[in-house]
Amino acid sequence: MEKDQPKTIHEHTKNEPQQNELPAPSPNLRKAEAKQENIAATKGVDDANKRLRAIPRTQNRPPISNPEVVKIQAWWRGTLVCSTLLHVALRVWIIQGWWRHKLVKLHENRQRTALENFTRKEWVAVRLQSWVRMWRICWRYCHLLNAARIIQAYWRCHSCASQGFIKGHYRVTANQLHLELEILLGSGPCIVTECIPLPIKQ
């Protein structure tokens with residue numbers, strides 16, 4: 001019995017280191033642990049940022065101790081605001097003046113174009129009217145001239161048929177009188193030529 005006991009003890013001592021050894025961690029476990037650590041770190045950073053945001057801004061400003069400094073700062077801010085307002089008002093005034101000048105020019109151009117169109121139309125109408133009047137006057141004049149010629153021709157025929165007239169001329173030489181007469185009657189002209197001797201006293 002005693003001989004058997006040391007063997008069992010020795011066997012136990014040999015098996016004890018094998019039982020005390022821990023198994024090696026797997027790579028998946030290491031990755032999971034690293035992820036958890038990263039998540040914890042990001043949570044800590046977010047909590048710190050939230051705390052910083054929760055702190056009011058007035059705590060960062062130094063306390064105001066001198067009221068004169070406050071007055072000077074307020075005056076300076078007022079002067080800056082006034083200068084910016086003056087610059088803005090000046091620019092607005094310049095833009096408004098330019099725009100008014102532009103509107104006046106546009107209005108003048110529109111009036112000029114309207115006047116030119118009106119004068120062109122009026123000139124065309126007057127020219128057409130003058131041409132029509134000239135054509136009517138010419139037609140009237142030609143009509144009256146033709147009527148006058150017809151009347152004159154009829155009157156000449158009537159006067160020649162109803163009345164006659166005599167015209168002639170003479171020429172005196174040393175001892176003769178040359179006489180030439182033209183008698184116009186309704187039938188036709190009649191020309192009479194005669195030489196009459198003149199008595200000469202001796």
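Full extension of the chain segment joining ALA148 with ILE191 gains 12.4 nm, where the gain is 0.36 nm per residue of separation less the Cα-Cα distance.
Inter-label distance, LEU128 to LYS35: 9.4 nm, where each label sits 7 Å from its Cα along the C-beta direction. Note on GLU180 and ASN66: their simple-model spin labels are 14.3 nm apart, each label 7 Å out from Cα toward Cβ.
Since every read-out is calculated from the coordinates, none of them should be taken as a lab result. Just so it is clear, the model here is predicted, and its values are computed rather than measured. Note that each Cβ is placed from the backbone with ideal geometry, even for glycine, and that neighbours are counted across all protein chains shown.
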